Amino acid sequence: MDIAILGYADCLGQGFLGAADLLLMSRRMLESKGRPEPYRVVTVTHDGKPFRDGFGRMHAVDASFAMLDACAAVIVPPFLCNCDDLLPPAGDLNAAAGWLRRQHALGAIVTGACNGVFLLGEAGLLDGRRCTTTWWRHDALRARYPRADVAWGASLMADRRVVTAGGPLSWIDLSLHVIRELCGAEAAKKAADFTVVDTVPSTQTIYIPPGHLTASNPFVLEAERVVRQAGDAPLTSTQLARAMNVSERTLHRRLKEATGETPKHFLDRVRFEAARMLLETTQSSVKQLATASGYADETSFRRAFRRYAGMTPGAYRSWSLARRGAKA
C-alpha cells in the first residue's frame, strides 16, 4: 500500500517531512519477520521535481503524479500563508486538485491538515461532507466552499474517505488516523506509543480566544450577550429566541449560518467559555462554576465541559496554571 505525502510550493516543510518520518518510524515498529512491510511511504509532486517550502528550503521527492497508480492514502500538509491568502501561490494547484480527486475516486483516503484542507476543497472533495480546519480559517473555508459542512473547533473529521484536521501540527493526527484505517487500531496504538504522541486528537476549543465567533457578527454578539447576562438562570433556545425578537426557526437558521451551531450547542459553547474563564481566574469549586454558568447540575456541566475542552474542569484548571507558569 502506498501512502503519498504531497509536496507543493510554500507548504510547511515540517508537515511534509514530519508526516513522512512519523510513518516511516511507525512502519519500522510494525514490521515483522517473514512478512512484507505494511505500507510504502512516497513523497510526491506534480512533476517529480524538488520544491521550495514556505521558508525557502528545497525538498526532493520520490515520484511524480504520473509515476503513482492508486494510493491507499494521501496526506496534504498545511502551507505558510498571510492572513489574506486562501490558497498557496503555486502554479500546480489545478494539477494537484485533479490528482487528489482521481486518487479518491480510485479508493484512496485523502487527508488534509490545517489550511491544506483548502486543496481538498479545490478538488471538490469537501462538497456535502463534514469537515474541519484550523479555527482561524473556519470562516474562510465556509465562505469559499458553501457546499461543505464545516464543523467549528473540531480536531479531526472523517467523512467517506475524506479526512480533515485543524492546526499546523495536525499531520500527526492524520498520520495516525491513516495507520489506524489501513493497519488497524492496535497498529495505530503501537505507532503512537513508539513515537510518543497521543492517539486521540486534542480539541481546538481550549485554544480559541473567547468571543472569536462574535467579532464580526452583530446578531451572534447580541445572542452571546443575552446568554451571559442570564448568568446562573436557566435559559432555553425558546427563551433566547424570544429575547432576540425572532422565531425559533430564524434563531436556528441565523446561528447555523454564522457559527455552524444549533441554538443548544451555541448555549453550551457560550456557557463553556464563561466557565473556562472562571476556571482560569477564580478558585471557585466545580459546583459553584456549574451554577454560575447556568447549568442545572454539576453532572451536565462536567459532561458539556469535557465535550468542548477534551478534559475535566479540574484537569483544565491544572493545565491552564501550568501553561501560564511556562509563559512567565
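The values are calculated or read from the model by the stated rules, or taken from the named source; none is laboratory data. For clarity, every value in this text was computed on a predicted model and none was experimentally measured. Note: ideal-geometry Cβ built from the backbone for every residue, glycine included; neighbour counts use all protein chains shown. With ligands, DNA and RNA removed, areas are computed over all heavy atoms of the protein, side chains included. Shrake-Rupley method; radii C 1.70, N 1.55, O 1.52, S 1.80 Å.
General observations
- For region 119-134, the set of residues classified as out of contact with any helix residue (DSSP H, G or I) (no Cβ under 7 Å at 6 or more places or on another chain) and closer than 22 Å to Gln14 by Cβ consists of Thr132 only.
- Listed by first and then second residue, the pairs with beta-carbon distance under 6 Å, at least 6 apart or on different chains, first residue in region 288-311 and without any contact (Cβ under 8 Å) to a residue 60 or more places away in the chain and farther than 10 Å from Asp268 by Cα, second among the aromatic types (Phe, Trp, Tyr) and open to solvent by less than 90 Å² (accessible area, probe 1.4 Å), are Ala290/Phe301.
- Thr281 vs. criteria open to solvent by 90 Å² or more (accessible area, probe 1.4 Å) and free of Cβ contacts under 8 Å to residues at least 24 places away in the same chain: yes
- Segments classed as helices (runs of 4 or more DSSP H), wholly inside region 106-203, with at least 1 members that are farther than 24 Å from Glu261 by Cα: 117-122, 171-183, 185-195
- Test for Val246: is it part of a helix (DSSP H, G or I) and out of contact with any Pro (no Cβ under 8 Å at 6 or more places or on another chain): no
- Test: residue in region 302-322 that is farther than 25 Å from His138 by Cα and touching an Asp or Glu at 6+ places or on another chain (Cβ under 8 Å): yes
- Residue under evaluation Thr195, criteria (1) under 22 Å from Arg101 (Cα atoms); (2) of a type in the set (Ser, Thr, Tyr); (3) surrounded by fewer than 20 Cβ atoms within 10 Å (Cβ to Cβ), criterion not met: (1)
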